[in-house]
Amino acid sequence: MNYKPIDFLDERLGTAKFTRKSLNKIFPDHWSFMLGEIAMYSFFILLGTGVFLTLFFVPSSATTVYHGSYAPMDGHVVSQAYASTLNLSFNVRAGLVMRQMHHWAANVFVAAIVVHLLRVFFTGAFRKPREINWLVGSLLLMMAILEGFLGYSLPDDLISGTGIRIAYSITLSIPVVGSYLASFLFGGQFPGDKIIPRFYTIHILLIPALMAGLLGAHLAIMWHQKHTQYKGRGRTEKNVVGVAMWPAYAMQAGGFFFLTAAVLAALGGLVQINPIWMYGPYIPYKVSYAVQPDWYMGWLDGAMRLFPSWEITGFGHMIPTIFFPAVLLPGITFGLLMAWPWIERKFTKDFGVHHLLENPRDNPWRTSVGVGVMAFYMVLFFASSTDVLANTFNVSLNFVLWTFRVLVLVIPPIAAFVAYQLAKEARSAPLAGMPRKAMVVFRSKEGEYTAEESDPRLELELKRNAIHGAEPKVLPEEARIHGEKELAETGEEEKFVFSVSSVSAVVTEEIGERPSGGSGVYQVPRGAPGAGGGLFSPRGPRSARDGMDSGDGE
Amino acid sequence: MKFRKKLGGRVVVPVALGVAASVGGMALFSQGAAAATTTGSSSSSSTNSVTYGGTNGAGKAPITYMKLDPSTIALGKTLFVENCSSCHGDTASGTSRAPNLQGLGAATIDFWISTGRMPLADPTVQATVKPSRFTRSQELAIDAYVSSLAPGGPGIPQVNLGAASLSAGEGLFSTNCAACHTITGVGDALAGGVYAPSLYPATTTQIAEAVKTGPGNMPRFGTGNLSNQQVADIVKYVKYLQHPNNAGGIGLGHVGPVAEGFVGILIGLGSLMIAGYWIGGRAH
């Protein structure tokens, strides 16, 4: 008996059907759909490097006298958290590269989430039925920022300790409950000895588990709802045009994981990040000038720098200045972010289901709001480096500060207005959004070239295949079977449009006479279904005319 | 629009590159880490005596004051009259434009002229560092002349780094200096157009002079605040900061998370977006 383990599983769990369906799952292929993948792969790197770091990090505020290999710190009384981070950096083999990869991955992780969010926003991918996933994604962003801040705080160095001090003050600023909250969080007065172990538990257990769960939900919902796609020939609200999960998408995604790992490893290995040995341990009476948080907290830091020193007293309670930029602003930010699908619907009255994405120019109103809001946060972000800008460009810090106070009010409306006008202009441009026409070029026996526009059928065929780098071809029988099965189950029509192996046959060589009345349509080779095809030509057989690939076309 | 290449080229190349680059990055790193460890352990062997930059002269006084040659006073006077007197007056007693220099001591005079701050480039802004107008012997001649006019003030300190402690310097620096000059010594802008300059170009003598005389907005740390030993410790740590242990790669100017954020977004995310654009679908 040739009894395979895979059969064992299938007979007990019925995995074959699910696997077959999954391997044939269609993913639209567009580079902008891979931004979220960067975030996901960074998350995996964060988990891996983070586990390594936990093996050596000591999450304790208890003090110790440092006698490690970093001479300038010798004999200093430091926390065990700080001492273990120094040892991790200098005495654990590959410890520093792991720590730096972890930190770079965190920076890239949040950046990728933000860019992914912008893609989803500007293409309207959050519209019905994807509002829940928009909420899940927003939660992931909030958690990623919080998680980053906690991780940044753990080494207990002078810079991060200052950050915790600011976080303590922000908690205190919340009216009525602030002092209770801060006391609860820190186990008493700042700094105490509880905050590092508590941050550690939240950083390595609570939030990663929540994020993993939310990420699973994010993907499962996407899987269930199927991915959105850009408008294009052959793409409707009822189908998904793209590449199959196996092998094309799996290879692409797997490759992209390794690329992400490569970039993060290169950064971790070649570019210094957070050299805590130069910062020294956090001691409350010490302070370094020019303290910034990591970039994803920059907008909050900038807001705190720019906000005027207003204090409001009412009902016997004083609301400190810091409450407005550091508590109210993020509250409004994330509140509006999560409510956006409903806010937009309030105005558009669009209750329809959308699987086709919009080009940002198709919706000038949304694009303009998005650009304006983005400009606002960008100005706040740059405002977090007022001191660095003042020092770099030799201007007064006060001048830079006041410039940003003006810019933060002036730039967003200007950016929104310009975006609106540009989107309107682009939308009304001739042929905007129209698919480009496929041209078919013939070469006669004598070497004469003639070009003609193809008929709509060929055009559609070429267009479709040009997208997928595929050769015009009828569906292989096998594919039809899977496709029909899916149809029967979902009740939707045309679930699969199979794109087939790669040939770009815009230039076709004609041996002999052109067919009478020939549009050239049928000069494009069509591979025979079911023939040939290996791992890397899975979507159908190569044409016998592969050797004539011209590469680029249209 | 470009027609996509065959699936093979599209997927295998990125995968192969990714694997190669990951492995390469790791390999690079493990070397870097090994080097860091080696550096660490080699310095730890001499750690307990806290010696950085040689042990010559250990045991001698941490700071001695330079004896200026009285025979150079005449030259110093000539140079002073040529370069300084238009503001400070012929006998350095000050005018409406500039303060009295008599009795400030040689260290003050030496700091201002040896860092190029004097003569001033622009009297309306904070004095900027520039190449000194004088040779070292000319500077010392001016110092000798001005300090000969009236007694008082510290002489030019000569720091014996061999008698200084690096780790004590770190503690003193982070307590007394980092609040303006930043913990890495790179300097930063303060309020109202005033800035704490970078400490990276300073010589040992200039650092000690600055601490002892408090030029410009900087506080003056007399011997009641910081002993000569402590000043020498600080000088030793600042000299270390000029060439710190840069384990982990490019230092990004030691300005902290601002530079890191730009690298993370532009190089980290940017290169990955380009990679995605490379292997992903484009127009439709």
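The values are calculated or read from the model by the stated rules, or taken from the named source; none is laboratory data. Computed from a predicted structure; not experimentally measured. Counting neighbours? That spans all protein chains shown, and the Cβs are built from the backbone with ideal geometry, glycine included.
Here residue A:209 meets the list (1) surrounded by fewer than 17 Cβ atoms within 10 Å (Cβ to Cβ); (2) within 14 Å of another protein chain (Cβ to nearest Cβ); (3) aliphatic (A, V, I, L, M) almost entirely, failing just condition (2).
Scoring residue A:327 on the criteria (1) within 18 Å of residue A:133 (Cβ to Cβ); (2) more than 24 Å from the chain's Cα centre (by Cα); (3) at pLDDT 95 or above leaves a single failure, condition (1).
Apart from one condition, residue B:248 fits all of (1) at the interface with chain A (Cβ under 7 Å from one of its Cβ atoms); (2) part of a helix (DSSP H, G or I); (3) among the small types (Gly, Ala, Ser); the exception is (2). Taking the criterion of being without any contact (Cβ under 8 Å) to a residue 40 or more places away in the chain and farther than 16 Å from residue A:250 by Cα, the residues of segment A:31-56 that qualify are A:48, A:51, A:55, A:56.
What about residue B:215, is it assigned to a loop (DSSP other than H, G, I, E, B), within 25 Å of residue B:117 (Cα to Cα) and without any contact (Cβ under 8 Å) to a residue 60 or more places away in the chain?
Considered against the rule, which asks whether it is assigned to a loop (DSSP other than H, G, I, E, B), within 25 Å of residue B:117 (Cα to Cα) and without any contact (Cβ under 8 Å) to a residue 60 or more places away in the chain, residue B:215 comes out as no.
If you check residue A:121 against the conditions, is it surrounded by fewer than 23 Cβ atoms within 10 Å (Cβ to Cβ) and part of a helix (DSSP H, G or I)?
Working: surrounded by fewer than 23 Cβ atoms within 10 Å (Cβ to Cβ): yes; part of a helix (DSSP H, G or I): yes.
The answer is yes for residue A:121.
Going by the conditions given, is residue A:267 part of a helix (DSSP H, G or I), more than 17 Å from the chain's Cα centre (by Cα) and over 14 Å from residue A:26 (Cα atoms)? Considered against the rule, which asks whether it is part of a helix (DSSP H, G or I), more than 17 Å from the chain's Cα centre (by Cα) and over 14 Å from residue A:26 (Cα atoms), residue A:267 comes out as yes.
Tell me which residues, restricted to segment A:213-265, are of a type in the set (Phe, Trp, Tyr) and either within 13 Å of chain B (Cβ to nearest Cβ) or without any contact (Cβ under 8 Å) to a residue 24 or more places away in the chain (or both).
The answer is A:230, A:246, A:249, A:256, A:257, A:258.
Given the condition touching a strand residue (DSSP E or B) at 6+ places or on another chain (Cβ under 8 Å) and small (Gly, Ala, Ser), answer yes or no: does some residue in segment A:319-338 qualify?
No, segment A:319-338 contains no residue that is touching a strand residue (DSSP E or B) at 6+ places or on another chain (Cβ under 8 Å) and small (Gly, Ala, Ser).
Condition check for residue A:265 on (1) under 19 Å from residue A:110 (Cβ atoms); (2) surrounded by fewer than 24 Cβ atoms within 10 Å (Cβ to Cβ): one failure, at (2). Scanning segment A:97-122 for residues that are more than 18 Å from residue B:266 (Cβ to Cβ) and facing another protein chain (nearest Cβ under 7 Å) yields one hit, A:97.
Among all residues of segment B:75-84, there is none that is part of a loop (DSSP other than H, G, I, E, B), surrounded by fewer than 19 Cβ atoms within 10 Å (Cβ to Cβ) and within 31 Å of the chain's Cα centre (by Cα).
With respect to the conditions (1) farther than 21 Å from residue B:257 by Cβ; (2) within 14 Å of chain B (Cβ to nearest Cβ); (3) buried (at least 21 other Cβ atoms within 10 Å of the Cβ), residue A:395 lacks only one, and its number is (3). Taken across segment B:174-184, residues that are part of a loop (DSSP other than H, G, I, E, B), surrounded by fewer than 22 Cβ atoms within 10 Å (Cβ to Cβ) and either modelled with pLDDT of 95 or more or of a type outside the set (Lys, Arg) (or both) do not occur at all.
Would you check if residue A:263 is of a type in the set (Val, Ile, Thr), at pLDDT 95 or above and either at negative phi or assigned by TED's automatic domain parsing to the domain that holds residue A:139 (or both)?
Values: of a type in the set (Val, Ile, Thr): yes; at pLDDT 95 or above: yes; either at negative phi or assigned by TED's automatic domain parsing to the domain that holds residue A:139 (or both): yes.
Yes; evaluated as a whole, the condition is true for this residue.
For segment A:84-93, the set of residues classified as in contact (Cβ under 8 Å) with a residue 40 or more places away in the chain and of a type outside the set (S, T, N, Q) consists of A:86, A:90, listed by residue number.
The rows are residues; the columns are (1) outside any strand (DSSP E or B); (2) of a type in the set (Lys, Arg); (3) under 26 Å from residue A:73 (Cα atoms).
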{"residue": "B:170", "(1), (2), (3)": "yes, no, yes"}
{"residue": "B:201", "(1), (2), (3)": "yes, no, yes"}
{"residue": "B:206", "(1), (2), (3)": "yes, no, yes"}
{"residue": "B:210", "(1), (2), (3)": "yes, no, yes"}
{"residue": "B:226", "(1), (2), (3)": "yes, no, yes"}
{"residue": "B:261", "(1), (2), (3)": "yes, no, no"}
{"residue": "B:272", "(1), (2), (3)": "yes, no, no"}
{"residue": "B:276", "(1), (2), (3)": "yes, no, no"}
{"residue": "B:282", "(1), (2), (3)": "yes, yes, no"}
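Just give me the residues in segment B:109-127 being in contact (Cβ under 8 Å) with a residue 60 or more places away in the chain and either assigned to a loop (DSSP other than H, G, I, E, B) or not assigned by TED's automatic domain parsing to the domain that holds residue B:91 (or both), in sequence order.
Just the residues of segment B:109-127 that are in contact (Cβ under 8 Å) with a residue 60 or more places away in the chain, to begin with: B:110-112, B:114-115, B:117, B:125-127.
Those that are in contact (Cβ under 8 Å) with a residue 60 or more places away in the chain and either assigned to a loop (DSSP other than H, G, I, E, B) or not assigned by TED's automatic domain parsing to the domain that holds residue B:91 (or both): B:115, B:117, B:125, B:126, B:127.
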